[in-house]
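The values are calculated or read from the model by the stated rules, or taken from the named source; none is laboratory data. Quick caveat: nothing in here was measured; it's all calculated off a predicted structure. Note: ideal-geometry Cβ built from the backbone for every residue, glycine included; neighbour counts use all protein chains shown.
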Amino acid sequence: MTDEMLGANPDELKSLAKYVDATSENLDRTANTLDAALNSGLRWHGSDATDFRQQWAGSMRPALHRSAAMLSNLSRILVRNADEQIKTSAVDSGGGSGGGSGSPIGPLPGLPPADAGPKAVNKWWDSLSQDEKDRYIKEHPDQIGNLDGVPASARDAANRLRLDSEEARLKAELSGLAPGDNERRAEINQALGTIEQIRKSVEKVESSGEQAQVLLFDDSQHPPRAAVGVGNADTASNVGVFTPGIGSEPDTKLNGYVNDMLALKRRTDRLNMTTGSNDSTALIAWIGYDAPAGTDDGWVQVAKEAPDPRYGQQGAPVLAHFAEGLDAANPDSNLTAIGHSYGSFVTGLAVQETSVFDNMVVFGSPGLGTSDADNLRVPDGHSFVLEAKDDPIADLGAFGDDPNQLSGIDDLSTASSSHGSASSGHGQYLQTDSTSQYNIAAVVAGRSDLAVHGDNSGAGDAVRGLVGLGTGVDIARGGTEGAIDGASHGGDVGEDIAGTPGRVVGTVVGGTVGAVDGAVDSAVNDVKGVVKGIKGLFD
């Protein structure tokens, strides 16, 4: 037996792999920097500028990202070859039993225990050889794709394999269903719709020249759970996880949220470029919980189930665990929790469960599940809230006090500024080129010092001040006669608001939250009347 290594030197192969991987990251970073420069108001106009920008977006930028992806793949191949070379040399020199170069040797190591945390999972993954990792992804994608602590790139590879196999399985099951099995038919169609939304999201992101990552796909639950990232969550300097609110079903809404994250990433990249930073960003649209059912209706987003805290209480630990997995795989990143509407309630609860988040930014929030900002486990000065004009949801305080009334949470502006247009209502916070989008990007980039601060207290806050904050919170939680009365008489009270401020707050909450007397549809109209009345007081 000899200690001499047969074939190529594995150490040299791995050294080359590191160089190739670094070159891949540099290509990606260069492409992002150039893209940010071309889209940040660069003073280059005319037909030549237009032609170049079109050529850049259509062919140059995608080519750079494709080249980076090819180099990244080459790096993985080099590492795998190095591991195989070590095994082959051990076998040929008498140090092993059976198996030639490139062939799997023995069974795969077992998975970590079911109760292992994300850090333990990440340590287990790192202990595997590249060949074992590749085999796990190929042979057991269902065990890897949703396992928190496994790097995002591996989860993405596994989940993409699962999309194809699950689609085939679901379609086969659908064709064999009995005519009357409508419940299962609806579940299958929702799962197939989720697969379609994931694919649309990936296509949109990749056609824009960015990297997409499928970080969650679970159709064993109903509705399914899904998450798609823009950028590389394993290597990004800044990572953000966005949790949307009511009506966030992955089979209908995921692609829209991913588009929002794509636009927010570009805004963050532009901000980094203007400050001379080379930091990279990854943003994830996460629908990993069963969101309350609801519909968009003009002024407000009205939910049939939004008053129920159980959705948030069940979803928050899952979000916290997912974030801990991201942190385990990329511990040096600046990790931000981002939440809108009911999703901010889920976010607030998650931030109370884990300390891995470096920042929290919420908008259109009905509450964070606490009335004390000290319960939020993020560093002091790193919690932010945005409230737009004419957003009644943001004044409810249905799940703890209104966040913009909490000491320790900084208000960021949604008004028009040199950084963008104004946002209004409940659904414009992520609007492209708005001040609110800029402010959220500043938090994600770790540059909240560049954000536009401002008190955005609305009409609801003012009414709340008239009747006392404690009364407003009690009413918001549904335990008073005013709320019940408000659900029935919102329209009338909205027209004669000035004389009965207590009933106004009851009406806003009763009408918006609805279902106090079981009349959700009529409550929608009640809210509109109340909001109109409130606006009349403060315009």
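When residues in region 139-172 are screened for being within 25 Å of Ala285 (Cα to Cα) and outside any loop (DSSP other than H, G, I, E, B), 23 of them pass. Among the residues of region 392-407, are any at pLDDT 90 or above, crowded, with 18+ Cβ neighbours inside 10 Å and within 30 Å of Ser237 (Cα to Cα)? Within region 392-407, one or more residues are at pLDDT 90 or above, crowded, with 18+ Cβ neighbours inside 10 Å and within 30 Å of Ser237 (Cα to Cα).
Does Thr347 satisfy being touching a strand residue (DSSP E or B) at 6+ places or on another chain (Cβ under 6 Å), of a type in the set (S, T, N, Q) and either closer than 20 Å to Gly325 by Cα or outside the structural domain of Thr243 (by TED's automatic domain parsing) (or both)? Spelling it out, Thr347 is indeed touching a strand residue (DSSP E or B) at 6+ places or on another chain (Cβ under 6 Å), of a type in the set (S, T, N, Q) and either closer than 20 Å to Gly325 by Cα or outside the structural domain of Thr243 (by TED's automatic domain parsing) (or both). Can you confirm whether Ala178 is out of contact with any Ser or Thr (no Cβ under 7 Å at 6 or more places or on another chain), within 27 Å of Asn334 (Cβ to Cβ) and either among the aliphatic types (A, V, I, L, M) or not in a helix (DSSP H, G or I) (or both)? So Ala178 fails the test. Considering (1) in contact (Cβ under 8 Å) with a residue 60 or more places away in the chain; (2) charged (D, E, K, R); (3) farther than 30 Å from Val356 by Cβ, the lone condition that Arg155 does not fulfil carries the number (3). Screening region 291-333 for residues that are in contact with a strand residue (DSSP E or B) (Cβ under 9 Å, 6 or more places away or on another chain), over 16 Å from Gly348 (Cα atoms) and at pLDDT 95 or above and picking the one that is surrounded by the most Cβ atoms within 10 Å (Cβ to Cβ) gives Leu326.
Evaluate the following for Val378: is it touching an Asp or Glu at 6+ places or on another chain (Cβ under 7 Å) and modelled with pLDDT of 95 or more? Here the answer is yes, as Val378 does meet what is asked. For region 199-210, the tally of residues that are surrounded by 22 or more Cβ atoms within 10 Å (Cβ to Cβ) and either assigned by TED's automatic domain parsing to the domain that holds Gly315 or charged (D, E, K, R) (or both) stands at 1. Within region 192-208, no residue that is touching a residue at least 24 places away in the same chain (Cβ under 8 Å) sits with its Cβ atom under 7 Å from a residue that is surrounded by fewer than 18 Cβ atoms within 10 Å (Cβ to Cβ) and not in a helix (DSSP H, G or I) at 6+ positions apart or across chains. Does region 218-228 contain at least one residue that is of a type in the set (Gly, Ala, Ser) and touching a residue at least 40 places away in the same chain (Cβ under 8 Å)? Within region 218-228, one or more residues are of a type in the set (Gly, Ala, Ser) and touching a residue at least 40 places away in the same chain (Cβ under 8 Å). Within region 122-171, being touching an Asp or Glu at 6+ places or on another chain (Cβ under 6 Å) and of a type in the set (Ser, Thr, Tyr) holds for Ser129, Ser153. The criterion of being in the same structural domain as Ala233 (by TED's automatic domain parsing), touching a Pro at 6+ places or on another chain (Cβ under 9 Å) and either more than 23 Å from Leu283 (Cβ to Cβ) or assigned to a loop (DSSP other than H, G, I, E, B) (or both) holds for Ala398. Quick one: would you say Leu71 is under 31 Å from the mean Cα position of the chain (by Cα), in a helix (DSSP H, G or I) and at pLDDT 70 or above? Answer is yes for this residue.
Only one of the numbered conditions (1) more than 24 Å from Val202 (Cβ to Cβ); (2) surrounded by 14 or more Cβ atoms within 10 Å (Cβ to Cβ); (3) not basic (Lys, Arg) is not met by Ala114, and that is (2). Restricting attention to region 213-267, which residues are closer than 24 Å to Ala328 by Cα, buried (at least 24 other Cβ atoms within 10 Å of the Cβ) and charged (D, E, K, R)? Hit for region 213-267 is Lys265, nothing else.
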